[in-house]
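Engineer: Here it is, the structure in full.
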Amino acid sequence: MNPVLLALTLAAVLPWCAHAAEYRQIQADQSAITFAYQQMGVAMWFNTSAFPAARFVTSSVKALGDHRYEATGQLTIKGKTQDVVVPATFTAQGKTGIFDGRFTLRRGDFAIGEGPWAAFDVVANEVQIQFRITAQAGE
């Protein structure tokens, strides 16, 4: 999955509010998303040519204290949608907001890895997703 495209997609539908400001103007050059998984020396198999974007639509954001939040919503990858809870921290730097987080998805829930790569003994079912989204507060 194109990391910048996914970060933009995630952030575009993530109208985070913190400290009474809405952060909607994504700074793509300062945002990133990475994937970590166990494999047997093969390239990433998200089939990005056929499925170039993922989408996370937030239904609620819960403040946990100490700059920590949980965003509950639906994650769609490859046309499959699952409910997920995404933990994140928020740091304000002037009009800039930085959202950092990580969560695990089960690739089997989204049909990630096809053919011989569908087996979990060859490629682990768990994919660690880590993100940093930097955004400017809207006027």
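We did not get these values from a lab; they are worked out from the coordinates using the rules stated. Since we're looking at a predicted model, the values are computed, not measured. Note: ideal-geometry Cβ built from the backbone for every residue, glycine included; neighbour counts use all protein chains shown.
Engineer: Rg/Rh for segment 19-135: what does it come to with C-alpha atoms and Rh from Kirkwood?
Structural biologist: Across segment 19-135, the Cα-based Rg/Rh ratio is 1.01.
Engineer: What's the FRET efficiency of residue 63 with residue 130 using the Cβ-Cβ distance as r and R₀ = 30 Å, to the nearest 0.05?
Structural biologist: The value I calculate is 0.90.
Engineer: Please give the net charge around residue 110, taking every other residue with its beta carbon less than 14 angstrom from that of residue 110, where Lys and Arg add +1 and Asp and Glu add -1.
Structural biologist: +1
Engineer: Full extension from residue 27 to residue 48: what is 0.36 nm times the residue separation minus their Cα-Cα distance, to one decimal in nm?
Structural biologist: Gain on extension, residue 27 to residue 48, equals 5.3 nm.
Engineer: Please report the net charge: other residues with Cβ closer than 15 Å to the Cβ of residue 100, K and R +1, D and E -1.
Structural biologist: Charge balance in the 15 Å sphere: +1.
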